[in-house]
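Notes to accompany the following structure.
The values are calculated or read from the model by the stated rules, or taken from the named source; none is laboratory data. Not measured: the values here are computed from a predicted model. In this analysis, Cβ positions are derived from the backbone assuming ideal geometry, glycine residues included, and neighbour counts consider all displayed protein chains. Ligands, DNA and RNA are excluded from the accessible area calculation, which covers all protein heavy atoms including side chains. Shrake-Rupley method; radii C 1.70, N 1.55, O 1.52, S 1.80 Å.
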Amino acid sequence: MASLPARDRRFPPERGEPYVLAVVLFVAYAAVSVGRYRRMGTRSYDLGIFEQTVRAYAHFQAPIVELKGPGYSVLGDHFSPVTVLLAPLYRMFPSSVTLLVAQAALFALSAVPVTRAATRMLGRARGLTLGVAYGLSWGLQNAVDFDFHEICFAVPLIAFSLEALLRRRWRAALLWGLPLVLVKEDQGLTLAVIAVVVALRARRHGSSRVVPYALAVAGFGALATLLAFTVIIPSFNTVGASDYLSKVGGSGPLDGVDVKIRTVLWLLIPTSGLLALRSPIVLAVLPTLGWRFVSSDHHYWGTAWHYSAVLMPILTLALVDTLPAARHSSRPWLRAYTFHLPAAVLAASLALTTALPLGTLTEADAYRVPAGVRAVEKLLDTIPDGSTVESNIGPITRLTSRCRVFWIGRTKGLAPDYIAFDNSSRWVKDVPAFARQLHPRDTYVLRGVIQGYVLLKRTSPNTSPSTSPSTSPSASS
């Protein structure tokens with residue numbers, strides 16, 4: 001067998017543990033997200049938006065997302081063409097579940113490079129300890145529990161890129177990072193920072209010839225972000241601008257400072273015990289954290305939802321990068337702290353998991369589908385395939401695989417065949433009056449009310465939008 005490079009001789013190659021860990025994490029992640037779907041516990045219309053996107057790609061059509069409005073192109077919302085990779089899988093299995101399972105697989109896959117890098121640099125026991133801690137990290141768990149998002153592609157790409165960086169495989173580090181520009185418009189800046197770190201590391205280790213290429217990649221990443229925000233997204237957007245760029249700079253420096261400080265502490269303490277700050281790799285968190293904190297949208301400031309998932313591999317591998325040198329520090333307290341830190345990080349992840357999504361897998365209700373959900377699904381099944389439906393969060397994911405679905409109140413005067421919405425909170429007091437308010441020129445009759453879910457059917461002459469293949473995907477066969 002070929003001998004290992006000098007930098008890898010200290011520890012033998014990893015065994016199969018990283019892959020076993022990835023499989024276990026995949027099952028756990030999928031159980032959480034698919035379980036929420038089965039219970040109709042979807043928390044936003046994002047899953048429906050992405051299903052409409054992938055469904056359009058699967059039928060070789062433009063990615064029109066009618067949940068955002070008739071004729072709305074998803075490329076005018078976020079520049080995420082990477083989702084086209086899911087089209088073949090979705091064509092075979094046309095369901096929201098396909099997206100959730102794919103996301104679980106991508107998140108779980110990221111544990112492989114993280115665990116491999118940790119075992120190579122720290123040894124088998126400590127490496128596996130950090131691999132498990134990473135898989136249980138709160139950023140990944142929150143992302144798994146909140147629908148589907150394109151950033152699930154960024155997480156493994158970042159992990160593989162940083163693993164290659166730690167192994168001094170400069171070219172591989174850059175190549176793994178390049179597709180980030182196709183994941184989301186802001187990820188070009190993450191690529192730029194990673195490329196700068198590659199340049200610094202390569203120069204330090206005597207690979208100066210890599211530096212120009214790394215700096216070129218950094219420039220490419222920054223330019224890609226600039227073009228996405230100022231040219232590509234506006235060209236597809238109905239108002240000719242990026243909706244999200246308009247939120248940047250809308251808040252004062254002290255707005256939400258308490259929330260932002262807590263977010264930083266959550267990022268640094270449970271994942272690395274602050275020791276990640278000793279590695280230049282941690283700089284890669286700044287683009288994502290930066291745009292979140294300067295945004296006027298307070299939802300970006302905290303720890304909820306999927307926004308911190310891309311930061312988890314960065315923080316964990318920054319810690320991995322720091323530990324070998326810290327173990328040989330001249331400071332006894334730092335050596336002791338370093339020795340115990342992997343176990344402490346795992347303990348923190350395990351403790352937090354009791355209050356995080358994976359912790360719900362210990363409850364019997366996580367595997368049950370309430371009878372009320374089945375009754376609601378039976379009601380929605382009465383809507384014929386290919387129908388146009390106006391809906392809110394509850395019914396969306398049961399309809400987007402086979403119908404044209406619009407967000408309630410956002411049809412721009414087009415009258416859908418059906419109106420289906422979750423009224424379990426009684427936010428609509430008079431359903432017939434609400435239907436008349438939405439479409440005063442059309443008549444809708446009540447088809448059923450089950451568990452607070454309302455279904456109405458239009459009975460007046462058809463004024464709904466055409467089913468032109470150029471504007472929407474055809475019904476799945």
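Residues checked against (1) closer than 28 Å to Ala202 by Cα; (2) at pLDDT 95 or above; (3) among the small types (Gly, Ala, Ser); (4) open to solvent by 50 Å² or more (accessible area, probe 1.4 Å):
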{"residue": "Asp243", "(1), (2), (3), (4)": "no, no, no, yes"}
{"residue": "Val248", "(1), (2), (3), (4)": "no, no, no, yes"}
{"residue": "Leu268", "(1), (2), (3), (4)": "yes, yes, no, no"}
{"residue": "Ser308", "(1), (2), (3), (4)": "no, yes, yes, no"}
{"residue": "Arg327", "(1), (2), (3), (4)": "yes, no, no, yes"}
{"residue": "Ser330", "(1), (2), (3), (4)": "yes, no, yes, yes"}
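Among the residues making up region 36-65, those that are among the small types (Gly, Ala, Ser) and open to solvent by 10 Å² or more (accessible area, probe 1.4 Å) are Gly41, Ser44, Ala62. Just for region 14-35: of the residues that are among the β-branched types (Val, Ile, Thr) and open to solvent by less than 40 Å² (accessible area, probe 1.4 Å), which one is nearest to Tyr134 (Cα to Cα)? So the residue we want is Val32. Checked against (1) within 18 Å of the chain's Cα centre (by Cα); (2) modelled with pLDDT of 95 or more; (3) not in a helix (DSSP H, G or I), Asp147 passes all but condition (2). When region 341-373 is filtered for residues that are touching a residue at least 24 places away in the same chain (Cβ under 8 Å), among the aliphatic types (A, V, I, L, M) and assigned to a loop (DSSP other than H, G, I, E, B), the ones remaining, listed by number, are Leu356, Val369.
In region 64-106, the residue that is farthest from Val24 (Cα to Cα) out of those that are of a type in the set (S, T, N, Q) and in contact with a helix residue (DSSP H, G or I) (Cβ under 7 Å, 6 or more places away or on another chain) is Ser73. Of the residues examined, Arg124 is not one that is of a type in the set (Lys, Arg) and either under 15 Å from the mean Cα position of the chain (by Cα) or more than 26 Å from Leu358 (Cβ to Cβ) (or both).
Under the condition of being within 19 Å of the chain's Cα centre (by Cα) and either over 15 Å from Cys152 (Cβ atoms) or among the polar types (S, T, N, Q) (or both), the residues counted in region 29-44 number 9.
Only a single criterion out of (1) part of a loop (DSSP other than H, G, I, E, B); (2) in contact with a Phe, Trp or Tyr (Cβ under 9 Å, 6 or more places away or on another chain); (3) surrounded by fewer than 17 Cβ atoms within 10 Å (Cβ to Cβ) is not satisfied by Phe79, namely (3).
Kindly indicate the residue of region 180-221 that is in contact (Cβ under 8 Å) with a residue 40 or more places away in the chain and not in a helix (DSSP H, G or I) and also surrounded by the most Cβ atoms within 10 Å (Cβ to Cβ) among those meeting that condition. Looking at residues that are in contact (Cβ under 8 Å) with a residue 40 or more places away in the chain and not in a helix (DSSP H, G or I), I get Val183.
Scanning region 69-83 for residues that are under 19 Å from the mean Cα position of the chain (by Cα) and either under 21 Å from Ser391 (Cβ atoms) or not β-branched (Val, Ile, Thr) (or both) returns Val74, Leu75, Gly76, Asp77, His78, Phe79, Ser80, Pro81. The numbered conditions (1) farther than 21 Å from Ile233 by Cβ; (2) open to solvent by less than 10 Å² (accessible area, probe 1.4 Å) are all true for Met92 except (2). Return yes when Gly273 is at positive phi and touching a residue at least 12 places away in the same chain (Cβ under 8 Å) and no when it is not. Yes, satisfied.
Test Leu109 against the criterion of being under 30 Å from Ala56 (Cα atoms) and open to solvent by 10 Å² or more (accessible area, probe 1.4 Å), and give yes or no. Considered against the rule, which asks whether it is under 30 Å from Ala56 (Cα atoms) and open to solvent by 10 Å² or more (accessible area, probe 1.4 Å), Leu109 comes out as yes.
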